[in-house]
1. Treating only the Cβ of Lys, Arg, Asp and Glu as charged (+1, +1, -1, -1), what charge dipole size does segment 38-166 show about its Cα centre? Round to the nearest 20 debye.
2. I'd like the accessible area for E93: 1.4 Å probe, protein heavy atoms, all chains in place, Å² to the nearest 10.
3. Holding the Cα-Cα limit at 19 Å, pick out from K60/K101; K101/K150; K128/K150; K2/K24 the pairs that are longer than that.
4. For the chain, which whole percent of the accessible surface, found with a 1.4 angstrom probe, sits on carbon and sulfur atoms?
5. A 23 angstrom limit on the alpha carbon distance is what I want to check against. Which of K207/K239; K137/K237; K51/K137 exceed it?
6. Divide by every residue of the chain the summed helix terms, -39500 (n - 2.57) for each DSSP H run of at least 4, and state the resulting mean residue ellipticity at 222 nm, rounded to the nearest 500 deg cm²/dmol.
7. Angle, helix 12-21 long axis vs. longest principal axis of the chain, Cα atoms, 0 to 90°, nearest 10?
8. I'd like the orientation of helix 132-151 relative to the chain: the angle between its Cα long axis and the longest Cα principal axis, in ° from 0 to 90, rounded to 10.
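The values are calculated or read from the model by the stated rules, or taken from the named source; none is laboratory data. The structure displayed is predicted, hence computed values, not measured ones. For neighbour counting, all protein chains shown are included, and Cβ atoms are generated from backbone atoms with ideal geometry for every residue, glycine included. Surface areas here come from the heavy atoms of the whole protein model, side chains and all, with no ligands, DNA or RNA. Shrake-Rupley method; radii C 1.70, N 1.55, O 1.52, S 1.80 Å.
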Amino acid sequence: MKTVLMTGAGGSVGSFLRPELNTKYRLRLSDLRPIKQLAPGESFVQGDVAKLSDMLRVTKGVDAIIHLGGFAVEGPWDVILRANIIGCYNLFEAARRNGVKRVLFATSNHAAGFYRRDHKIDHTVYPKPDSRYGVSKVFGEQLGSLYSDKYGMEVFCIRIGNAATAPADKRRLSIWVSPRDLAQLMQIGIDHPEIRFEIVYGVSGNKRSWYDNANAERLGYRPQDDGERHATEVLAKEKPAQDALSEVYQGGTFVSAEIGGDPSRKTPTVKRAKAKPAKAAKKVKSAKATKPVKKAKAKPAAKKKSKGK
Ligand code: 15L
């Protein structure tokens, strides 16, 4: 049985995943604060992702890592820097030094939250983060890419939509992932024999999905759930949107928070300068016209006064 480390195991995603995975793997749970109630097959090791020494200790001897640790929403820069940037680096670096072959990185829909809702995106789109949090997730994905190419690590990035027992609102009808579907993706990430570097979307088979999750399906993902089952109930409870922008973009209120520009403005088109026809005759003329530069005569070096003994 494989031993799998789960960082940030005390959070909500960890709590959903544990019962789905603890019969299939030996789970080593890690978090800042102790997790008191452990199921059979689970153990706990305390660790702070921002401390490399802690990560070196907790990653020792595991077959794979599910990295959920870090700050899970938008936050001040110093918090994001410590938990998500430094924390993520420490995790990958500790895994490399301890020879852990496979890392599953819990990235987020907010790595690409600035795509519009009427634009279906797949795993190949360039990132468009909607927050400092989203930027930290792009950082983690790119770090995974580096460790995969440079050190041969097998890295599986899951851009999680919203993991919950049911979708909470209209936006989540498009990005919801049920615990069992997310667990299925995690199992693919742990056990699929041919992972080098992959990005997939952590979403159920939602009718209203904004994602083309073909890459996950290629690797065998067959979601069991669809948020649409909850649609009538969810839409009946839906409150009017706080602002227009959060309705247009996939990231919702992560997009509109702190907004100071107009994301819908046109990208300026740069006109290509016309290539000038070659003017051979002029070239000769200008060559003639160019006066040769006279070399300045080198001045004889002034004799140094010797500071004799
Ligand atoms: C996330 O990435 C967060 O971790 C989660 O708390 C939700 O805010 C989710 O995105 C979402 O977009 O609903």
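1. Roughly 160 debye for segment 38-166.
2. 10
3. K128/K150
4. Of all accessible area on the chain, carbon and sulfur atoms account for 55 percent.
5. With Cα atoms farther than 23 Å apart: K137/K237.
6. Here the helix-only value at 222 nm equals -9000 deg cm²/dmol.
7. Helix 12-21 and the main axis of the chain meet at about 60 degrees.
8. So the inclination is approximately 80 degrees.
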